[in-house]
1. Filter the range 416-445 for residues that are part of a loop (DSSP other than H, G, I, E, B) and of a type outside the set (Lys, Arg); which is nearest to residue 399 (Cα to Cα)?
2. For the range 453-496, which positions are in contact with a strand residue (DSSP E or B) (Cβ under 9 Å, 6 or more places away or on another chain), assigned to a helix (DSSP H, G or I) and small (Gly, Ala, Ser)?
3. Counting just the residues of the range 369-395 that are in contact with a Lys or Arg (Cβ under 8 Å, 6 or more places away or on another chain) and of a type outside the set (Lys, Arg), which one comes out nearest to residue 413 (Cα to Cα)?
4. Looking at 486, 542, 470, 512, which is the one that is among the hydrophobic types (A, V, I, L, M, F, W, C), touching a residue at least 40 places away in the same chain (Cβ under 8 Å) and surrounded by fewer than 23 Cβ atoms within 10 Å (Cβ to Cβ)?
5. If you go through the range 283-293 one residue at a time, do you hit one that is of a type in the set (Lys, Arg) and within 35 Å of the chain's Cα centre (by Cα)?
6. If you take just the strands (runs of 3 or more DSSP E) that sit entirely in the range 320-364, which of them hold at least 1 residues that are more than 20 Å from residue 308 (Cβ to Cβ), at pLDDT 95 or above and touching an Asp or Glu at 6+ places or on another chain (Cβ under 9 Å)?
7. How about the range 172-277: which helices (runs of 4 or more DSSP H) wholly inside it have at least 2 residues that are under 20 Å from residue 427 (Cβ atoms), at pLDDT below 95 and touching a strand residue (DSSP E or B) at 6+ places or on another chain (Cβ under 9 Å)?
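The values are calculated or read from the model by the stated rules, or taken from the named source; none is laboratory data. For clarity, every value in this text was computed on a predicted model and none was experimentally measured. Please note: Cβ atoms are built from the backbone with ideal geometry, for glycine as well, and neighbour counts cover all protein chains shown.
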Amino acid sequence: MAFKGEVPSHLRTSKITSHEADQRIKRRLRISLFVISALLVVILVRVVSLQTFQRSGYYAASVDQRTRVNIIRATRGVIFDRNGNELALSVPSVTVYADPREITDPVGTAHSLAPFLGLTPEKESALAISLAKPGSKFNYIAREMTKQSADIITGLGLPGIYSYTEPSRQVEGGVAQALIGKTDPDGVGTSGIEFQFNKILTGIDGRTVREVDKRGRSIAGGGSATSSPVPGDDLVLTIDKNIQFHTDTALLDRVAQLGAKGGTAIVMNTNTGEIYAMSNVRRDAAGNALLATGNFAAVEAYEPGSVAKVFSLSAVINEGAVNPDTVLKVPGAQNVDGFLIRDAWPHGTIDMNIRSILVESSNIGTMLAAQKIPSQKLHDYLSAFGFGSKTGLDYPGESRGILNSASKWRGTEKFTVSYGYGLAATPLQLIAGVNTVANKGIYVSPQLVSATIDKSGKRHLAKAATTRPVLTPATSATMIDMMRGVICTGTGTLAKVKGMEIAGKTGTGYKVQSNGTYTTDKGGRRYFASFAGFFPASDPKVTMLVSIDEPDASSRDRFGGTAAAPVFARLVPTVMHELGIEATGVGTGCAPGSKAVSH
């Protein structure tokens with residue numbers, strides 16, 4: 001019951017509720033307005049950020065979505081021989097690639113490509129995975145393909161599969177392949193001359209940029225840009241392609257005939273050090289004699305054997321300790337620190353002059369002669385001849401060989417180094433040393449590059465070879481005369497050539513085995529047989545070295561004079577013809593009735 005003048009309770013409650021509801025609505029409006037304002041501020045900040053700070057990133061992403069960039073590979077510089085013949089050049093090949101952004105069915109695409117690429121199920125699966133990789137924009141399918149093979153693949157009409165032409169490196173006829181080396185599929189030199197002069201040979205790639213729609217089709221009128229590739233500089237070698245070919249052929253034939261492990265041969269200009277040919281042969285796992293893939297003539301060192309007698313006898317003559325007619329009493333064998341040193345043929349103690357010691361290749365005679373000068377002096381001469389250091393060719397992987405300091409010569413090494421044991425030399429070092437005698441006593445470093453040709457066609461000559469005097473001209477002339485005797489009556493008679501006077505020296509070295517001795521586990525020997533010579537003997541113009549690695553140890557053709565000298569004799573007429581060297585007469589330059597030594 002309500003008193004007079006009092007508002008009924010139900011009416012009083014309704015009025016309060018309405019007021020509160022009003023307030024609540026207002027609060028909600030204020031909150032909503034605040035939230036909306038905050039959101040608008042956030043959106044505004046985001047828009048400003050996108051238009052300023054993050055603009056470049058998103059712009060790049062948008063450009064990436066609608067553009068395609070193709071690299072135009074620059075042509076690698078050509079490698080020429082000395083006469084302008086191409087040795088290594090870039091030829092067109094086709095690369096097939098995929099743009100995974102356009103591929104909707106990676107598994108189906110990989111399955112369609114598999115038969116044409118010869119893929120195994122495992123490789124097909126791997127390709128499908130790579131094509132489905134998120135964010136991937138480019139994937140190689142196959143490289144260095146012929147145009148015909150690439151056209152078959154692109155002719156399948158698979159979305160996202162394209163091709164482009166790029167240069168691929170090729171060595172003409174495989175001539176001087178080991179020397180020139182290789183490049184990878186991207187045209188980067190990985191070995192040999194290609195690696196050594198990669199910076200010079202490599203050009204600057206170009207590229208094309210085009211706008212495309214979502215299906216990868218070029219947009220008509222869309223933006224595009226092209227920068228042309230710039231080819232690399234050309235390289236001119238000292239190699240003579242014809243001489244190299246004939247050297248390869250002669251060495252291959254000889255290694256095959258002798259059942260040898262391999263061989264090397266080098267043809268060199270006596271005066272300039274320019275290399276006309278450098279050949280390497282190795283027998284593969286199937287037993288076939290093939291041109292090697294590595295330039296072993298510069299990177300492998302062996303004990304040279306009797307060719308080294310040229311250097312030790314030159315040293316003692318140059319020092320005035322002996323002359324060609326100096327007579328020594330030479331035993332057939334001598335015990336040195338418990339090690340028995342023998343000559344190659346049995347004999348008692350005999351009188352031998354220095355000339356006959358070289359001609360008949362007496363180990364003990366050479367050892368006795370070398371003892372007439374101090375060990376340090378002999379070491380200094382060997383070093384001056386180029387042993388124990390690189391030739392200056394800067395060829396990748398070139399070996400410095402082995403020449404220990406004289407203070408480290410121990411036991412028999414003090415004696416054996418005079419006739420080719422206790423030191424090791426590469427064929428490149430060995431020919432440079434022998435060439436010193438031929439070149440009037442002046443050492444000249446080997447040369448492989450004669451010039452570069454820049455993009456404008458201008459020729460830039462390479463630096464001349466470094467030289468140093470080692471022997472007097474008189475000592476050189478004396479040694480040449482003695483080395484002619486090696487050919488006429490000594491161990492090198494198989495190097496005789498009708499119409500040319502030859503001087504040279506044979507060398508037969510035992511190879512150290514894995515057991516640390518010169519004898520195999522079965523009691524046999526393995527040989528490294530060499531012949532080094534030059535012509536014309538009266539005025540040397542060409543020096544050549546032939547080495548046969550492991551000829552048949554049971555054959556008479558295991559020695560330097562029987563295994564290697566015949567290759568020299570075979571090559572001389574070819575080199576004479578190619579270089580225009582005139583004959584020195586109708587005979588060999590040896591006295592009538594000259595007889596070779598029986599051993």
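1. 426
2. 476, 485, 495
3. Out of the qualifying residues, it is 375.
4. One residue alone meets the criteria, 512.
5. Let us first name the residues in the range 283-293 that are of a type in the set (Lys, Arg), namely 283.
Checking the rest, the ones that are also within 35 Å of the chain's Cα centre (by Cα) come to 283.
Yes, the conditions are met somewhere in the range 283-293.
6. 327-330
7. 177-180
Okay, residues lined up against (1) part of a strand (DSSP E or B); (2) within 37 Å of the chain's Cα centre (by Cα); (3) under 30 Å from residue 236 (Cβ atoms):
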site: 93; (1), (2), (3): yes, yes, yes
site: 107; (1), (2), (3): no, no, no
site: 112; (1), (2), (3): no, no, no
site: 119; (1), (2), (3): no, yes, no
site: 142; (1), (2), (3): yes, yes, no
site: 149; (1), (2), (3): no, yes, no
site: 153; (1), (2), (3): no, yes, no
site: 159; (1), (2), (3): no, no, no
